[in-house]
Amino acid sequence: MNEIQKLYNSGNQVILIVPEQFTHIAEMRLIKTCGKMLDGHIEIMSFKKLAQCCFDKINTQKHRLTDSVGKSLIAASVVEQTDMHYYTKTSDYAGFVDMLLKEIGNFKKYGITPDMLDSMSRNNNLSDIFKAKIGDISKVYSEYEHVLHEKYIDSDDMLGILYSILNKSDILSQKTIFFDEFATFIPQERQIISCLIKQCKKVYISLCADSIENGDMNVFMPTVTTGRALYDMCRENGYKYLPAIFLKTSRYNNKPLEFIEKNLYTYPVKKYGKTQNNINIYYAKNPYSEVEYAAKTIISLVRDGGFRFKNIGIICADISNYSHIFKNVFDKYAIPYFIDEKTDVLKHQTIQFIMSIFDVYLTGYDAQSIFNFLKSGYGNKSAYKISVCENFVNSSKITGRGWLDANKWQSIIENRTFRSKYEPEILNEIRNDCILPLANFHQKIKGKHTVKENVKNLYAYLCEIKLDIILKQNAEDMKQCGELKRAKEYESIWNILVNTLDTVYDFLGDEKVSPQKFSKYLICAFGQQSIGVIPTSLDEIIIGDIARTKTEYCDVLFIIGANDGVFPSPPADNSLITDSDRKQFDIAEVEYTRSSDIQAYFNQFLIYSVFTLANEKIFVSYSWDNEEHKKWVARLTNDLRSKYGFEATCDTIRGDGELDTMIVDGITKS
């Protein structure tokens, strides 16, 4: 930032490129350094934003940039029409299209084309199973590209487009470029950096490492490898580069945190050897105990230590499993907080209601689907009325025809003995207000109709039941209850719903589909979206996970749920390309995403990055969940005490002798 300010003062135009999730932090740092944003002179961008800006300036084609929803719809349609061999049955499963799009996006990032995949499918040096997989993916990828580029531009192609623009024009020739907060660059990004070096005044790239020369197998392996690749690129292209500048100064004011920064993952292990209270280890019997320990400690820090809530951060290994615990415990202790997580649109109550509309039709109005529909809360019927209806349906075994045929319905009502004279009125009310309007919509989509017709009919039905008004009222009610995050979700869900229907209309409008296929397309479209909101207060604790949340340095950091094998979270096992498949790419000499062997080094760097966020104190907590984990905790505790000299607190064992016994037993048994 100091260098950027100097360049600005001398009249230079600067672009600072950071990872997308760091743009806000970079803006805050710029304001802190320069006192203002310096509009027009200093721009902070991600690679994607830079690509979009350059594209908007020179784009003469009127092709529309498509988003993840449009891509999923095209991919789903292509998969339906492609004859596959390896994925014949798998392609019908929910989530297959998402996994396919993820791989196609990765292929584009690494410059892998359908023709390259097709060539690999005929490579005799590769395994038969891998060739069968790649053959199917190649066919879908090729057709997907053909259909998409007839009218649209894929957002995954933007980096390739930026590279093409920079090769043909000097649009950024007067700029000085800075890259910050990157640990590695994918091939497309390296190509762009090469073009920028060629045409810009200067390019600065900052990397976190002790040395570019000596870092093969230490915590800085990812950044060291990146630095060497950049040097190789400069030498191959004849670019001039200056000697690397190593910043030796430390930002730490306390020795323990400085010691852990210098010695984390170093071998042989060095012991601090002094009494300290800046790094604290706590292991608990369960996650609830972990979070409660954090809450009590936070209250003490704020009340007695003079810390502000906004200067305390929490990184959680698995936010999905801890989110509800944070809500319960922090509400109990009146701690202001914001959980930095996104809600999958498909899991939102409103979208589940939309899908239940189709479930009722596809299941023939069976009882379970009917009451999933009624209990969604959008029929304006009380729980008591729905309960009366549910008891009636379960006891009378009413079927779809019984709901819809007026004579049969009346006959069932007349031949039934009710506990209250009001019950028949309630049943008729639910049938007339909820079931018959739904049946009217089902009649309109019955058989095969174009997607356009189905979208129009669905939108008309949602307006008929006044869903938009209900959502506004729900949001207002939540504001009154102080649930601001949920209120914002409900404020945005109607727009998400309408925009999704518009996208489905535009991309698949003329295709004739059955209700089942239309429902499948909606699931694909909604499945690509999530709802994220921003913090609602200036003085609150940000709670996030190790992968998604990027925060500025904080005074106190809590690392919650740091169990072995969970922190950081292992990669989800939901990819079409497995670890063994990636080795096949190596055999074919095609660069692709890193294998689990390499990922281990990236995980070490990720953990190092988390541990260096705190300025004054770090609290690390674990919970033991089974006997194997108890053994691991025992080994870890022994290491922390004997090698590093850190104190550990345990809420289930009293006395050092008992703790030492557990350690000895654990080590002996292991």
Say whether the condition of being surrounded by 15 or more Cβ atoms within 10 Å (Cβ to Cβ), within 28 Å of the chain's Cα centre (by Cα), at pLDDT below 95 and not in a helix (DSSP H, G or I) is met by at least one residue in the range 342-355.
-> yes
Given (1) exposed (fewer than 12 other Cβ atoms within 10 Å of the Cβ); (2) of a type outside the set (Phe, Trp, Tyr); (3) assigned to a loop (DSSP other than H, G, I, E, B), residue 377 misses just (1)
What do you reckon, is residue 397 within 45 Å of the chain's Cα centre (by Cα) and of a type in the set (Lys, Arg)?
-> yes
Quick check: anything in the range 510-521 modelled with pLDDT of 90 or more, surrounded by fewer than 18 Cβ atoms within 10 Å (Cβ to Cβ) and in contact with a Lys or Arg (Cβ under 6 Å, 6 or more places away or on another chain)?
-> yes
Evaluate the range 454-468: report whether one residue or more is within 23 Å of residue 384 (Cβ to Cβ), assigned to a helix (DSSP H, G or I) and either open to solvent by less than 30 Å² (accessible area, probe 1.4 Å) or in contact with a strand residue (DSSP E or B) (Cβ under 9 Å, 6 or more places away or on another chain) (or both).
-> yes
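Here is a check on your reading of the model: is residue 125 over 22 Å from the mean Cα position of the chain (by Cα) and either open to solvent by 60 Å² or more (accessible area, probe 1.4 Å) or in contact (Cβ under 8 Å) with a residue 12 or more places away in the chain (or both)?
Judged against the criteria, residue 125 is a match.
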If we keep only residues of the range 137-160 that are more than 27 Å from the chain's Cα centre (by Cα) and of a type in the set (Asp, Glu), then the residue nearest to residue 82 (Cα to Cα) is 143
What is the number of the single condition among (1) at pLDDT 85 or above; (2) among the acidic types (Asp, Glu); (3) under 15 Å from the mean Cα position of the chain (by Cα) that residue 545 does not meet?
-> (1)
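State which residue is surrounded by the fewest Cβ atoms within 10 Å (Cβ to Cβ) when the search covers only the range 481-507 and only residues that are of a type in the set (A, V, I, L, M) and at pLDDT 90 or above.
Looking at the filtered set, the residue picked out is 498.
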Conditions (1) more than 27 Å from residue 81 (Cβ to Cβ); (2) over 27 Å from the mean Cα position of the chain (by Cα); (3) open to solvent by less than 10 Å² (accessible area, probe 1.4 Å); number of the one not met by residue 171 = (3)
Consider only pairs whose beta carbons are under 9 Å apart and that are at least six residues apart or on different chains; among these, list those whose first residue lies in the range 567-586 and is within 16 Å of residue 100 (Cα to Cα) and polar (S, T, N, Q) and whose second residue is at pLDDT 65 or above and open to solvent by 70 Å² or more (accessible area, probe 1.4 Å).
-> 574/102; 575/102
Taking the range 303-340 and keeping only residues that are closer than 13 Å to residue 557 by Cα and not in a loop (DSSP other than H, G, I, E, B), one is left with 309, 310, 311, 312, 313, 314, 315, 316
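Quick one: which residue in 26, 94, 76, 51 is among the small types (Gly, Ala, Ser), under 30 Å from residue 135 (Cβ atoms) and part of a helix (DSSP H, G or I)?
76
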Leading residue by the ranking (modelled with the highest pLDDT) among those in the range 38-53 that are open to solvent by less than 60 Å² (accessible area, probe 1.4 Å) and more than 27 Å from the chain's Cα centre (by Cα) = 42
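Could you pull out the residue among 203, 147 that is touching a Leu at 6+ places or on another chain (Cβ under 6 Å), farther than 30 Å from residue 263 by Cα, of a type outside the set (S, T, N, Q) and open to solvent by 20 Å² or more (accessible area, probe 1.4 Å)?
Answer to the selection: 203.
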Tell me, yes or no, whether the range 291-304 has at least one residue that is in contact (Cβ under 8 Å) with a residue 60 or more places away in the chain, open to solvent by 10 Å² or more (accessible area, probe 1.4 Å) and of a type in the set (Lys, Arg).
-> no
Condition set assigned to a loop (DSSP other than H, G, I, E, B) and not basic (Lys, Arg), scope the range 380-389, selection modelled with the highest pLDDT: answer is 382
Of (1) of a type in the set (A, V, I, L, M, F, W, C); (2) surrounded by 20 or more Cβ atoms within 10 Å (Cβ to Cβ); (3) more than 30 Å from the chain's Cα centre (by Cα), residue 179 fails just (3)
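Based on what the data block shows, is residue 476 farther than 30 Å from residue 81 by Cα, part of a helix (DSSP H, G or I) and at pLDDT below 90?
no
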With respect to residue 272, is the statement that it is of a type in the set (Phe, Trp, Tyr) and out of contact with any helix residue (DSSP H, G or I) (no Cβ under 9 Å at 6 or more places or on another chain) true?
-> no
Only listed residue being within 22 Å of residue 150 (Cβ to Cβ), modelled with pLDDT under 90 and of a type in the set (Ser, Thr, Tyr), chosen from 66, 23 | 66
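State yes or no: is residue 392 open to solvent by less than 70 Å² (accessible area, probe 1.4 Å), at pLDDT below 90 and in a helix (DSSP H, G or I)?
Yes, satisfied.
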Scanning the range 416-427 residue by residue, those charged (D, E, K, R) and either in a loop (DSSP other than H, G, I, E, B) or open to solvent by less than 80 Å² (accessible area, probe 1.4 Å) (or both) turn out to be 416, 419, 421, 423
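I'm checking my understanding of the structure. Among residues of the range 364-374 that are under 30 Å from residue 474 (Cα atoms) and of a type outside the set (A, V, I, L, M, F, W, C), which one is surrounded by the most Cβ atoms within 10 Å (Cβ to Cβ)?
The first filter runs over the range 364-374 and keeps only residues under 30 Å from residue 474 (Cα atoms), leaving 365-374.
Still in the list and also of a type outside the set (A, V, I, L, M, F, W, C): 365-366, 368-369, 372.
Values: 365: 22, 366: 15, 368: 10, 369: 18, 372: 17.
Selected residue: 365.
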Filter the range 579-623 for residues that are outside any loop (DSSP other than H, G, I, E, B) and of a type in the set (Lys, Arg); which is modelled with the highest pLDDT?
-> 617
Could you identify the single residue in 398, 413 that is surrounded by 12 or more Cβ atoms within 10 Å (Cβ to Cβ), farther than 16 Å from residue 356 by Cβ, touching a Pro at 6+ places or on another chain (Cβ under 9 Å) and at pLDDT below 90?
-> 413
Whichever residue in the range 317-339 is touching a Ser or Thr at 6+ places or on another chain (Cβ under 8 Å) and under 17 Å from residue 485 (Cβ atoms) and, among such residues, is surrounded by the fewest Cβ atoms within 10 Å (Cβ to Cβ) = 336
Mind checking which pairs have a first residue in the range 45-57 that is without any contact (Cβ under 8 Å) to a residue 60 or more places away in the chain and a second that is among the charged types (D, E, K, R), Cβ under 7 Å, 6 or more apart or different chains?
-> 46/20
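The values are calculated or read from the model by the stated rules, or taken from the named source; none is laboratory data. These numbers were taken from a predicted model, which means no experiment stands behind them. All Cβ positions, even for glycine, are placed from backbone atoms using ideal geometry, and neighbour counts span all protein chains on display. Heads up: the accessible areas ignore ligands, DNA and RNA and are worked out on the full protein's heavy atoms, side chains in. Shrake-Rupley method; radii C 1.70, N 1.55, O 1.52, S 1.80 Å.
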